[in-house]
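Reviewing the structure listed below.
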Amino acid sequence: MSLQRRCLLAPLLLLLLIASAFRASAWGANGHRYTNRLAVDALPAALRPLYAANRDWIAEHSNDPDTFWKNQSRLEGPTHFIDLDTWGLEAANNFPQDYQAACKLYGKEKIDKNGTVPWRIGQFYGLLVHAFKQKDSRAVVEISAWLGHYAADSHVPFHAAANYDGQLTGQKGLHARFESTMVNRQIKFEDLKARPAVQLADPVASAFHWLRDSLKLSTTVLAADKEAAAQDPAYGDAYYTAFGAKSRQIAVQRLEEGAQDLASLWYSAWLAAGKPDLPASDVHAGEAAGQPTHDPTLVAPATTQKP
Ligand SMILES: [Zn+2]
């Protein structure tokens with residue numbers, strides 16, 4: 001490759017890197033902590049003790065997949081979202097739920113760039129079933145924290161839409177205004193209520209369902225942003241008051257549903273493994289909060305294996 005081409009490519013790669021990094025982080029750090037913490041409260045009594053003993057660790061490590069992406073693996077970025085409407089709204093409703101089928105229809109390269117979060121959830125669900133079967137409490141706790149990140153991301157409206165930052169409608173920056181600034185300003189953990197876990201028949205199909213709901217909600221949030229920005233184009237207090245009046249409830253709903261669906265993934269994995277009896281003790285004295293886990297079973301790219 002010529003030096004000139006390299007010079008042109010370097011800034012482009014950097015931009016792509018920044019764009020992917022931005023897309024990988026969702027809910028801001030607070031929203032992810034809320035989801036993982038609330039999911040523990042949503043578990044049935046038989047499974048709750050192990051999770052309750054490790055609740056702080058599971059909450060603190062909810063952002064590890066983002067840290068992991070930024071520090072260690074560029075492949076991680078697209079495993080946090082899927083743009084369901086890239087090929088139109090009708091295609092979004094009929095998006096192939098099988099990874100190989102999706103690749104056959106749109107091409108592997110495009111599918112991998114377009115986002116793979118539902119299959120990442122299927123992959124981590126499989127890892128969790130295996131950890132339960134092995135009665136490996138430490139792996140259960142680590143995988144559960146990571147799974148929480150992907151489940152929470154799937155409930156963010158802008159993790160399912162091609163217009164993921166309002167960039168297609170002149171509303172750039174909406175991604176962070178909704179999931180970080182508004183959530184940090186207007187939602188406390190105490191505002192959220194746990195909804196009980198249920199058994200899921202097919203985690204990947206469930207993930208697609210959550211993502212289709214996310215895509216629908218993105219339209220409402222886009223409208224709320226437009227209205228609020230018309231009142232306060234500088235995005236100050238007046239903007240957030242108006243924006244929150246129309247979108248705060250959506251964020252609360254998605255955080256609560258995200259926690260319920262995450263607890264349902266944990267619960268279903270435990271049932272699938274034959275309800276193993278695990279000691280209710282604090283099994284995690286390893287990595288400090290904020291540091292990503294380094295279990296090699298957690299780092300396989302989502303798309304190289306089926307769930
Ligand atoms: Zn993420």
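Bear in mind these aren't lab numbers, they're just calculated from the coordinates by the rules spelled out. It should be emphasised that the depicted structure is a prediction, and the values quoted were computed from it without experimental measurement. Positions of Cβ are backbone-derived with ideal geometry, glycine not excepted, and every protein chain shown enters the neighbour counts.
Taking R0 as 45 Å, what's the FRET efficiency between ALA45 and LYS113 from their Cβ-Cβ distance, rounded to 0.05?
E between ALA45 and LYS113, to the nearest 0.05, is 0.55.
Do any of LYS188/LYS246; LYS193/LYS246; LYS70/LYS193; LYS216/LYS246; LYS133/LYS188; LYS113/LYS246 go past 26 Å between their Cα atoms, and which?
LYS70/LYS193; LYS133/LYS188; LYS113/LYS246
Can you run phi through the Karplus equation (6.51, -1.76, 1.60; θ = phi - 60°) for segment 159-164 and list ³J(HN,Hα) in whole Hz, with x for Gly and Pro?
3J(HN,Hα) across segment 159-164, in whole Hz: 9, 10, 10, 5, 8, 6.
Among 142-155, 214-227, what's the highest-first ranking by average C-beta atoms within 10 angstrom per residue?
Ranking, from highest mean packing down: 142-155, 214-227.
Hey, which aspartates and glutamates would be in cross-link range of LYS172, C-alpha to C-alpha under 12 Å, not counting anything within fewer than 8 residues on its own chain?
By straight Cα distance, LYS172 reaches ASP225.
Treating cross-link reach as a plain straight distance, find the lysines whose alpha-carbon is under 18 Å from the alpha-carbon of LYS135, omitting any fewer than eight places away in the same chain.
By straight Cα distance, LYS135 reaches LYS275.
Give me the extension gain from ARG212 to GLN97: residue separation times 0.36 nm, minus the current Cα-Cα distance, reported in nm with one decimal.
Contour length minus Cα-Cα distance gives 40.2 nm.
How big is the charge dipole of segment 50-209 about its Cα centre, in debye rounded to the nearest 20, if each Lys and Arg gets +1 on its Cβ and each Asp and Glu gets -1 on its Cβ?
For this selection, approximately 100 debye.
What's the extension gain from ALA194 to GLN253 if we count 0.36 nm per residue and subtract their Cα-Cα distance?
Contour length minus Cα-Cα distance gives 20.2 nm.
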